[in-house]
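Written out below as structure tokens is the structure these notes cover.
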Amino acid sequence: MRTGRSACAGRPRRGPAPREGAPVAWLGVAAAAVAHRLFTARPTRVRATTAGTSSLAEPLAAALIGVLLPHEHLTAPAGAGCAPVLAGTVITCLPPLPRRRAPSPEDLGPSTGRA
């Protein structure tokens, strides 16, 4: 069982354990770099919704990876905060709804000529 204290000298451990280095490196370098690259890419290559969604998805991915790899515990407030961000991300990724066209005068029927 890990208590956060070093086995020798009873002092608190400083920094991540060696086995926690890979997830920290992944989140710090790869995930942040990809999201930052998408966010700063030219608009001709990446839509604004894609760049915005990727920057919002980064903290969600970090929380998920933190729960799955180093087995951190997600608190209730953190989970409650993730829910609307996830919902917004999903809504942003959905295809746009077809637009309804405005009715033309012919669609409204014959005019009576009265005001």
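Leu60: modelled with pLDDT of 80 or more, in a helix (DSSP H, G or I) and open to solvent by 90 Å² or more (accessible area, probe 1.4 Å), yes or no?
Working: modelled with pLDDT of 80 or more: yes; in a helix (DSSP H, G or I): yes; open to solvent by 90 Å² or more (accessible area, probe 1.4 Å): no.
Criteria not met by Leu60.
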Task: Members of segment 65-101 found to be among the small types (Gly, Ala, Ser) and without any contact (Cβ under 8 Å) to a residue 40 or more places away in the chain, listed by number - done: Ala76, Ala78, Gly79, Ala80, Gly81, Ala83, Ala87, Gly88
TODO: Identify, by number, the condition in (1) loosely packed, with under 10 Cβ neighbours inside 10 Å; (2) within 23 Å of Ala35 (Cβ to Cβ) that Pro70 doesn't meet.
DONE: (1)
TODO: Would you mind telling me which numbered condition in (1) at pLDDT below 80; (2) open to solvent by 100 Å² or more (accessible area, probe 1.4 Å) Glu20 fails?
DONE: (2)
TODO: Kindly indicate the residue of segment 45-57 that is within 11 Å of Val85 (Cα to Cα) and of a type in the set (A, V, I, L, M, F, W, C) and also most open to solvent (accessible area, probe 1.4 Å) among those meeting that condition.
DONE: Leu56
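The values are calculated or read from the model by the stated rules, or taken from the named source; none is laboratory data. Everything quoted here is computed from the prediction, not taken from an experiment. FYI the Cβ positions are ideal-geometry reconstructions off the backbone, even for glycines, and counts take in every protein chain you see. Protein only, heavy atoms only, side chains kept; ligands, DNA and RNA dropped before computing areas. Shrake-Rupley method; radii C 1.70, N 1.55, O 1.52, S 1.80 Å.
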